[in-house]
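The values are calculated or read from the model by the stated rules, or taken from the named source; none is laboratory data. Worth saying up front: this structure is predicted, and the values here are computed from it rather than measured. Cβ placement follows ideal geometry from the backbone for every residue including glycine, while neighbour counts extend to all protein chains displayed. Surface accessibility is based on the protein's heavy atoms, side chains included, excluding ligands, DNA and RNA. Shrake-Rupley method; radii C 1.70, N 1.55, O 1.52, S 1.80 Å.
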Amino acid sequence: MVDSLIDGYRRFRAEVWPTDGARYESLAEQGQRPETLVVSCSDSRVDPQTVFGARPGELFVVRNVAGLVPPYQPDAGCHGTSAALEFGVRVLKVSRIVVLGHAQCGGVQAMVQGAPPEARDFVAPWMAIAQPVLRATPETTDPADLVAHYETEVVRLSLANLLTFPWIRDAVDDGRLALRGFRFDIRTGVLSMLEDRRWAPVV
């Protein structure tokens, strides 16, 4: 595994660095100024930089299981996602936050069907953040459609939770920050944007 990582690095140095090296050097000297903060799932099949065709320095990415945004809760606990949101919005001053959901999300499956026995120390309590979406009865009983329904609702919940952060709500109300929801279908490669409760494919 380490060998494959080193091989990948060598390809980066041979193929990417010769053309993008100046960009990295500029980012090192001037600092990062991304316009977009992306909250995305940790799933290895869904890379926000690849999906959005972004270059280094363009996206400030926060990844966690299911791409969840917890509600605002400033206490002594460890809040990695909230810390990243605070840095992105208050320090980097991004102009938009994107919540990127995806099809076949294992975190959502764990919430709906129960977490695997090996993943109950942290995955199960983390996905409990999204428990409110289970209160509404979906129109379908098909297992695949059921998970897809909750994948949508988790994105909507995360967008709602963003507005519980006072400095995010203030920035949205002032027109300095926009919130958007997207969904990436791994099987088809289609990206859709959330419009109310429906997905509109991006063309």
Taking segment 164-186 as the search range and keeping residues that are open to solvent by 40 Å² or more (accessible area, probe 1.4 Å) and in a strand (DSSP E or B), which one is farthest from GLY101 (Cα to Cα)?
ARG180
Going through ALA110, ALA160 one at a time, which residue ends up being outside any strand (DSSP E or B), within 18 Å of the chain's Cα centre (by Cα) and free of Cβ contacts under 8 Å to residues at least 12 places away in the same chain?
ALA160
Looking only at residues that are touching a Leu at 6+ places or on another chain (Cβ under 8 Å) and outside any loop (DSSP other than H, G, I, E, B) in segment 17-49, which one is surrounded by the fewest Cβ atoms within 10 Å (Cβ to Cβ)?
GLN49
Suppose we filter segment 113-130 for residues that are assigned to a helix (DSSP H, G or I) and basic (Lys, Arg); how many remain?
0
Out of segment 50-86, which residues are basic (Lys, Arg) and either more than 15 Å from LEU100 (Cα to Cα) or buried (at least 19 other Cβ atoms within 10 Å of the Cβ) (or both)?
ARG55
Name the one entry in VAL133, VAL147, VAL99 that is open to solvent by less than 40 Å² (accessible area, probe 1.4 Å), within 30 Å of PHE52 (Cβ to Cβ) and not in a helix (DSSP H, G or I).
VAL99
How many residues are in contact with a helix residue (DSSP H, G or I) (Cβ under 7 Å, 6 or more places away or on another chain) and at pLDDT below 95 if we restrict to segment 162-196?
0
Taking segment 1-54, which residues are free of Cβ contacts under 8 Å to residues at least 40 places away in the same chain and touching a Gly at 6+ places or on another chain (Cβ under 6 Å)?
LEU27
If you take the residues of segment 187-203 that are open to solvent by less than 50 Å² (accessible area, probe 1.4 Å) and not aliphatic (A, V, I, L, M), which of them is nearest to the chain's Cα centre (by Cα)?
SER192
